[in-house]
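Step one of this worksheet: look at the structure below.
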Amino acid sequence: MSARPSFSKLNYLLRPSKQVERKLFIETFHSLAMGGFRIKDYTYVGFGSIYYADFILFHKYLYITKMVCVEQAKIPKRMQFNLPFRFIQLEMQPFAQYVTRLQRDTPYIVWLDYDIALSQQVFADVTACCKVLCPGSALIVTVEGSGKVHADVAGADSQRSRDQEYLNRLKRDFGRYYSADITQSILSTNGFPKFIGEVLATKCQQETNARKGLSFDQLFNFRYADGRQMVTVGGIIADADVSRRVQESGVHALAFIERGNSQRPINLPMLTVRERLWLDQQIGSDPLDAQTLQFELDQDALESYRQSYRDYPNYQEGLF
Amino acid sequence: MLTRDIGLKTSILDLCDNAIDQAVRQDGVDAMGLLLADRGTAPRRFVNRNISIEFGPDSFRIRDTCGGISVDDARRRVFLFGDPDPAHFAGHGLSVYGIGMKRALFKIGNKIRIASATEQDWFELEIDVAQWKSQHPQDWKFRLTRSGGGDRPADFRVAAGQTEIEVTALRDTVGPRFAQPPFVRQLRSRMANSYALFLMAGLEIEVCGLRVASSLPEVGVSDMLQAARHERSLGSVDVLLIAGITPRASVLPGGWCIFCNGRMILDHDTTHLTGWGEALPRWHSKYQHFVGYVYLRGPVQSLPWTTTKGSLVFDSEVYQSTLGEMVIQARPILAFLDSAFPGDLIPETAAGRTALDSVPLQVSEIPKKELPFAAPGDLAIEDVEIRYAKPAADLYKIREHVDEDLSAAQIGALTFDYYIRQECE
């Protein structure tokens, strides 16, 4: 009865912004490892889909070998066929079923990488993770974050009343996790991802804070669009000791870390291979000015590239 | 003021709590032990412990054989406001703050007579509440009317190990309620739930001549449905969680029931106290078959119960940790109910129907080990009946265009298939 899964519409390996996001996570965990967190001994739990892109990267660059892929689509043979490493434990069930099996004293990196909008069900999974994960574990949540009004809003016969009905739903379901009034402005292209980011972050903080002595040390608040607008919030479940070690690791100094409601967009300018190689050669010299480039590129795109050049994916056709 | 926040049935339960507390301490019974994993020793049982309650429009009487109250206990603990002996709260009893019995008696009536005897001594206390209240608060003490050691006087009707409390001059609102048959029935039912574990352990309770039978919580099980069971320790407090789905025929409401040291504190709660609308989704009719039972066992002062034992101290550390565990264990069950009863398109899926075709099993019969919730998976692709009204003129248009013999239902199917073919494939 469910909609077609997103992996059958998009090749996950060819989502450049998502790939950058994965690399930013890797950089973050490298930094935490420098602070004494034994990331390679963590257990990674994610929704790999048939591409297992995050599993491959996290194994190759974080050296993690304890991995659990939770998949609810009814494609067990396909998941098994595409399994990149034998040590990945495949769990063919919804995450809601798997969550009770998370160990109370094992450090995890859990990435709830949904391709759906924020809902009560997503909230419930996030809450359960905030309740079960031990200090030092990382929780990352990605949801769709476009403010388009769903066509199924009942009883609404005009765009205006559909918007109002949708806003009422948002107020009812998420209003208490948002610091400002929920008005039409949050449905804008920029407003909605920011709203979702704040709601998710507040939920993580609130549910974690309810556990004595624990807090949610937020590290990520991203938005990006490889087609659909997506929002990612993430951080570390921390007690006083973990908070101190996170602080001392220097991870907070990384340019893309967002500890509050500001949102960091991952925008990748579209560049030819030649343009990219030329720009890379200029890195390290004086800041580039769009006016002085040998080709047309606006200053914002130039700045976006400067921030993401190390993670910018390089796609080529290969014959295997 | 003291009695404002307590209901009449709760008051009577408070009096029972005191008697049971006494019996638990004397017999060393661990009621919750009946549900916990086998520790290698057979659980201890009550021996000849019974509580008998009788009431009518003019009087109330409770008698028990739970060990009796010693003169020393009466003077130093039972009839003071607040129990001065911290050691009393270190055990796994039911007496919480040492005010339950007094408050309960004041709620019922104005003339109170308490008689109790142990093997060593005996006492009688008569209280005229109006007269007692008229004294200066510094003189709010109770003086035993008569007491002694050894042999009891001939006119003292209470045997060793027994306590009898009689209340007359009932409060205006109390007498009429005692006369109502539904009140008796409701009280008996509440006791059956609240003291189910103690009744199972051999305690006998009678209300107005009728024995109260243990009513242990139930959860549905079948070849395809398994309840979740999880045990853990939070410092000195043991926590047992059992959660699942009730059978279709069950008349029980859904929600969480919470027990402290075997005594029910919350009865099928669906409010924010048990997480609904906050850490759990808002309560919804599709969750009506969700049931969760939480048993907490520990020293009296470590448990999160309020003085009335009718609610929980929400912010207590033990309860917040327990609530976290409730949220985790509820997650797969609520997710199953979300998918099994999606509501708008299909009111009940095949998986939902199968899940409700279960048989009830008492919580004491569930295997005493860690169990994850298990439910029927997707059983079949469902057909959904679609009903809608459209102008007849539009139907005639389609008929003229396709086939004049088509029925309205066939036109509906035809246009649906057309959309699927043109837009979705």
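Considering only B:E348, B:E400, B:E317, the mean-square fluctuation computed in a Gaussian network model of chain B, springs between alpha carbons under 10 angstrom, is largest for B:E400. The listed residues A:R22, B:R353, B:R297, A:R162, once ranked by accessible area (1.4 Å probe) with the largest placed first, stand as B:R353, A:R162, B:R297, A:R22. Each Lys and Arg contributes +1 and each Asp and Glu -1, all at the Cβ; summed about the Cα centre of chain A, the dipole is approximately 1060 debye. Could you please state how large a percent of the accessible area of chain A is carbon and sulfur, counting protein chains only and using a 1.4 Å probe? Solvent-exposed carbon and sulfur of chain A make up 49 percent of the total. Of all DSSP beta bridges confined to the protein assembly as shown, the antiparallel ones make up roughly 70%. All Cα-Cα separations within the stretch B:298-394 were binned at 10 Å from zero, giving a P(r) of 11, 25, 26, 20, 10, 5, 2, 0, each value a whole percent of the pairs. Where q = 0.05, 0.06, 0.11 Å⁻¹, what log10 of I(q)/I(0) comes from the Debye formula for the protein assembly as shown, counting one point per Cα? With one equal scatterer per Cα and no solvent, log10 I(q)/I(0) is -0.37, -0.51, -1.20.
Ordered from highest to lowest accessible area with the whole protein assembly present and a 1.4 Å probe, B:V47, B:V300 read as B:V47, B:V300. For chain A, the 222 nm mean residue ellipticity estimated from helices alone, with every DSSP H stretch of n ≥ 4 adding -39500 (n - 2.57) and the total spread over all residues, rounds to -11500 deg cm²/dmol. By the rule of a C-alpha distance below 20 Å, with chain neighbours fewer than 8 residues away ignored, the aspartates and glutamates paired with A:K66 are A:E27, A:D41, A:D54, A:E91, A:D105, A:D113. Start at zero, step by 10 Å, and the Cα-Cα distances of the stretch B:249-326 spread as 19, 54, 24, 4 percent across the bins. If R0 is 41 Å, the Cβ-Cβ spacing of B:Q131 and B:R282 corresponds to a FRET efficiency of close to 0.20. If the label point is 7 Å along Cα→Cβ of B:A249, which residues in the stretch B:335-369 have backbone nitrogen under 15 Å from it? Only B:356-362 pass the distance filter. Keeping the other protein chains in place, figure out the carbon and sulfur percent of the accessible area of chain B, with a 1.4 Å probe. C and S atoms contribute 50 percent here.
Candidate cross-link partners of B:K309 among the lysines, defined by an alpha-carbon separation under 22 Å and a same-chain spacing of 8 or more, comprise B:K9, B:K102, B:K107. Taking Lys and Arg as +1 and Asp and Glu as -1, the other residues whose beta-carbon sits under 12 Å from that of B:C208 total +2. Here the stretch A:12-98 is treated with +1 on each Lys and Arg Cβ and -1 on each Asp and Glu Cβ, and its dipole about the Cα centre works out to around 220 debye. The antiparallel fraction among DSSP beta bridges confined to chain A stands at about 45%. Longer than 31 Å from Cα to Cα, which of A:K23/A:K203; A:K18/A:K212; A:K203/B:K286; A:K212/B:K369; A:K23/A:K194; A:K40/A:K77 are they? Say none if no pair is. Among A:K23/A:K203; A:K18/A:K212; A:K203/B:K286; A:K212/B:K369; A:K23/A:K194; A:K40/A:K77, the Cα-Cα distance tops 31 Å for A:K18/A:K212.
Per the accessible-area calculation with a 1.4 Å probe, the total area buried between chain B and chain A rounds to 1900 Å². Put simply, the convex hull of the Cα atoms in chain A casts, on average, a shadow of 19.1 nm².
Shown here for the stretch A:13-69: chymotrypsin sites (Phe, Trp or Tyr not before Pro) in loop regions (DSSP other than H, G, I, E, B) with at most 15 other Cβ atoms within 10 Å, namely A:Y63.
Taking Cα centre as origin and charging only the Cβ of basic (Lys, Arg, +1) and acidic (Asp, Glu, -1) residues, the dipole magnitude of the protein assembly as shown rounds to 1420 debye. GNM on chain B, alpha-carbon springs under 10 angstrom: the most fluctuating residue among B:V318, B:V402, B:V78 is B:V402. With all protein chains kept in place, the per residue accessible area of the protein assembly as shown amounts to 48 square angstrom at a probe of 1.4 angstrom.
GNM remark for chain B: springs join alpha carbons under 10 Å apart, and the peak mean-square fluctuation among B:V221, B:V327, B:V384 falls on B:V384.
The values are calculated or read from the model by the stated rules, or taken from the named source; none is laboratory data. Predicted model only: the values in this text are computed from it and were never measured. For neighbour counting, all protein chains shown are included, and Cβ atoms are generated from backbone atoms with ideal geometry for every residue, glycine included. SASA here: full protein model, heavy atoms, side chains in, ligands and nucleic acids out. Shrake-Rupley method; radii C 1.70, N 1.55, O 1.52, S 1.80 Å.
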